[in-house]
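Worksheet: one structure, shown below.
The values are calculated or read from the model by the stated rules, or taken from the named source; none is laboratory data. In this text, all values refer to a predicted model and were calculated from it rather than measured experimentally. Note: ideal-geometry Cβ built from the backbone for every residue, glycine included; neighbour counts use all protein chains shown. Areas reflect the complete protein model, heavy atoms only, side chains present, ligands, DNA and RNA absent. Shrake-Rupley method; radii C 1.70, N 1.55, O 1.52, S 1.80 Å.
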Amino acid sequence: MRTGAGPILPDGAEDASLPSPRLVRQIPRWLIVVKMGLVLGGLLVLIHWAWGRLAIETTGIIASGVILALVLNQAALYAAALRLRATLAAFEIRITARQAMVIHLRSLFYFFFVPMSVGLEISRFIMIRRLVPGASTRALLIALLLDRILGLIAAVGVALALAGFILPARIEWAMDPRWFLLALALVLIALLVVLAQPRLRTQLTEVLLATRSLGARLMRPLLLSFVALGLVCASVFSFAWASGILIGWWTLTFAIAASLLGMAIPLSLLGASLGDVAGAGALTMLGLAPSAAILLASVVYSGRLIGAMQGSLLELWGDVDQVGRWRTTPQGTTHAPTHADQPPRRARLRCREDLHVTQRETDRTITDFGDQWVRFTDNSGYYGSPELFTDLLSPLLEPDEIQGLKVADIGSGTGRIVAMLLAAGASQVTAIEPSRAFSVLAERFATETERVHCHQGSGEAIAVLGPFDLVVSFGVLHHIPDPAPVVRAAYQALRPGGRLFVWLYGREGNGLYLAFAQPLRAITKRLPDRVLEALVWTLDLPLSAYMWLCRWLPLPMRAYMRDHLGRLAPDKRRLTIFDQLNPSHAKYYRREEAQALLATAGFQEIRLHHRHGYSWSVMGTKPLVADGTTGAPPT
């Protein structure tokens, strides 16, 4: 659905030889530096703590061993990149080794920058699609999934091969067989639940059918999986030798292979996954002191962090050959761009900001929502209930006040708000929708043409459709890059004394959510809808667990999770997640910005309500007399 706008190079053209210098231009450079700095600082504190606990047991550290560990770690990163390249080649998706390395490093950066580990796969998908535009989406998705599966196969194979030698010698088994049978039953039940989902069952079948015909071509990436695992183990073993931690090679290899199985669960925070926790636990279980186990587990984490730091440099400044170090002049000669060739820094920043407020971005947003509302047309349940409508309006406006009014709805989508307005007693509703979802809207109210007038066009079109007693806009203006013309048009469409009611995303109270969602949205808004739907199902699982915890614990956004999102049916909850990750543009308004949006258009008696502590409901009134006797908005 969305391909996204490509990066702007110094010579004005996009070079497809390598992934673009900035995958997501909306992420400010200072945020990249700060976040990676915090990750590195936290890791150093952890290593310092663990090393202090080992001070009695160790006498020093051998520098050559640490250097060797770093070299082996870099080799492991390269082997993983080659595995990615070989897996893609099995599906006739061709990239060079250098391209694969750049993709791998930059995807590691997004693994650290975006929670839930989804940044790794999504960034890979976007970069490869840019490099190979003709690649089949289905083939690319299966290839990326297989790349992870082959790594897990190598880890499982090594862990199972060594388990019979390592575990009996290290652990005394005293487990009741009934607990083992119970655990096995739970695993089988979980597997049956997964297979009961038609979508997951279909995707699993496609993967199995694809791999059956690719067995020979997948041998090379599988071999590279074992090589990468061996290099990671060698890196950790080298560090253990350098720091004086006594552990056998096979014991260490078993622990690391077993810990990598935790990477299969898409849960991570700042690059730390369940695999890192499992690694420290496995090493402790095998006889190491907890401090030594944490120190060795941090070496595996450090390996990913080193790759992510290299990826962050590519995000900050791009690849030397990619950003146009040498460019062709009109006379056909080449030269390196100098400072004099560039416009002033302030002008460049101003131009960069203006690029985001363009008709092109507005068109993409309309397309995004059109595709979304054609796919999601059901408004049943609490999602379309009068109870939710009352919650949206109160305390600024009560549904009883709509009785008999002539109302306009800007951005009607599939008509959810239109139906609520009719149920509240509006005498006539004008529904305005610019996207292709207009067909769904018109069909839904085809039998109510006397009370519902459907108009396909942008929000500015409302200016000539009035006069109205009330204009509403729920969750629309924050998706418009420049909403001021729409608000001015609403002012013109209202009769003197008429009111405008808008609902906007709020910045206040959403700090923790935005720290999670904004980096994720910067990537997900570029994904095809089917890929994003699969991601939404993945994110819905931890969200459901978080909502359950909010019933009992005073967690952030508890009121919203318990009183609103928790009341939605599962499909409507997933629609809400999709709606957050899909649009090309979304602005979170501060209180003063929300008030100024209506004030600058000429509205008076502006009232605001911080709904559930995370969004703004704003209502303003058109004065009875403005600018003499014309009732026109200020210019």
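Observations on the structure shown:
- A139, sole failed condition from (1) assigned to a loop (DSSP other than H, G, I, E, B); (2) surrounded by fewer than 20 Cβ atoms within 10 Å (Cβ to Cβ): (1)
- Residue within the range 389-409 that is of a type in the set (V, I, T), open to solvent by 10 Å² or more (accessible area, probe 1.4 Å) and assigned to a loop (DSSP other than H, G, I, E, B) present: no
- H612 falls short on exactly one of the conditions (1) more than 15 Å from R507 (Cα to Cα); (2) in contact with a helix residue (DSSP H, G or I) (Cβ under 8 Å, 6 or more places away or on another chain), and that condition is (1).
- Members of the range 217-255 found to be open to solvent by 10 Å² or more (accessible area, probe 1.4 Å), free of Cβ contacts under 8 Å to residues at least 60 places away in the same chain and touching a Leu at 6+ places or on another chain (Cβ under 8 Å), listed by number: F237, I247
- So R178, is it closer than 30 Å to A534 by Cβ and either at pLDDT below 80 or not in a helix (DSSP H, G or I) (or both): no
- Matching residues in the range 256-282 - criterion: being at pLDDT below 75, open to solvent by 60 Å² or more (accessible area, probe 1.4 Å) and either within 20 Å of I306 (Cβ to Cβ) or over 18 Å from the mean Cα position of the chain (by Cα) (or both): L261, L269, L270, L274
- Considering the conditions (1) in contact with a helix residue (DSSP H, G or I) (Cβ under 9 Å, 6 or more places away or on another chain); (2) modelled with pLDDT under 70; (3) open to solvent by 30 Å² or more (accessible area, probe 1.4 Å), R94 is excluded by exactly one of them, (2).
- Filter pass, L105 being within 24 Å of the chain's Cα centre (by Cα), open to solvent by less than 20 Å² (accessible area, probe 1.4 Å) and farther than 18 Å from I306 by Cα: no
- Candidate set: the range 522-560, residues that are assigned to a loop (DSSP other than H, G, I, E, B) and within 20 Å of F109 (Cα to Cα); chosen: the one modelled with the highest pLDDT: K525
- Qualifying residues in the range 472-490 (those that are within 19 Å of D368 (Cα to Cα) and among the small types (G, A, S)) - the one most open to solvent (accessible area, probe 1.4 Å): G475
- Close pairs (9 angstrom Cβ cut-off, 6 or more residues apart or separate chains): closer than 16 Å to Q99 by Cβ in the range 132-146, surrounded by 17 or more Cβ atoms within 10 Å (Cβ to Cβ) and aromatic (F, W, Y) anywhere: A135/F91; L140/F91; L140/F125; A143/F91; L144/F125
- Candidate set from the range 366-384 (those that are assigned to a helix (DSSP H, G or I) and of a type in the set (S, T, Y)); member that is nearest to the chain's Cα centre (by Cα): T367
- Single match in A86, A100, A76 (criterion: at pLDDT 85 or above, under 30 Å from I245 (Cα atoms) and surrounded by 16 or more Cβ atoms within 10 Å (Cβ to Cβ)): A76
- Within the range 276-299, residues that are assigned to a loop (DSSP other than H, G, I, E, B) have Cβ atoms under 7 Å from residues that are of a type in the set (D, E, K, R) in these pairs: L286/R170; G287/R170, counting only partners at least 6 apart in sequence or on another chain.
- Just so you know, in the range 207-252 the residues that are modelled with pLDDT of 85 or more and among the hydroxyl-bearing types (S, T, Y) include one that is farthest from the chain's Cα centre (by Cα), and it is S238.
Rundown of residues vs (1) β-branched (V, I, T); (2) open to solvent by less than 30 Å² (accessible area, probe 1.4 Å); (3) outside any strand (DSSP E or B), yes/no style:
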residue: S435; (1), (2), (3): no, yes, yes
residue: V440; (1), (2), (3): yes, yes, yes
residue: E448; (1), (2), (3): no, no, yes
residue: E460; (1), (2), (3): no, no, yes
residue: L470; (1), (2), (3): no, yes, no
residue: Q492; (1), (2), (3): no, no, yes
residue: Y513; (1), (2), (3): no, no, yes
residue: L520; (1), (2), (3): no, yes, yes
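Residues are listed down the side, and each one gets a yes or a no for (1) touching a His at 6+ places or on another chain (Cβ under 7 Å); (2) in a loop (DSSP other than H, G, I, E, B); (3) modelled with pLDDT under 90:
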| site | (1), (2), (3) |
| --- | --- |
| Q595 | no, no, no |
| L598 | no, no, no |
| E605 | no, no, no |
| L608 | no, no, no |
| G613 | no, yes, yes |
| W616 | yes, no, no |
| V625 | no, yes, yes |
| G628 | no, yes, yes |
| A632 | no, yes, yes |
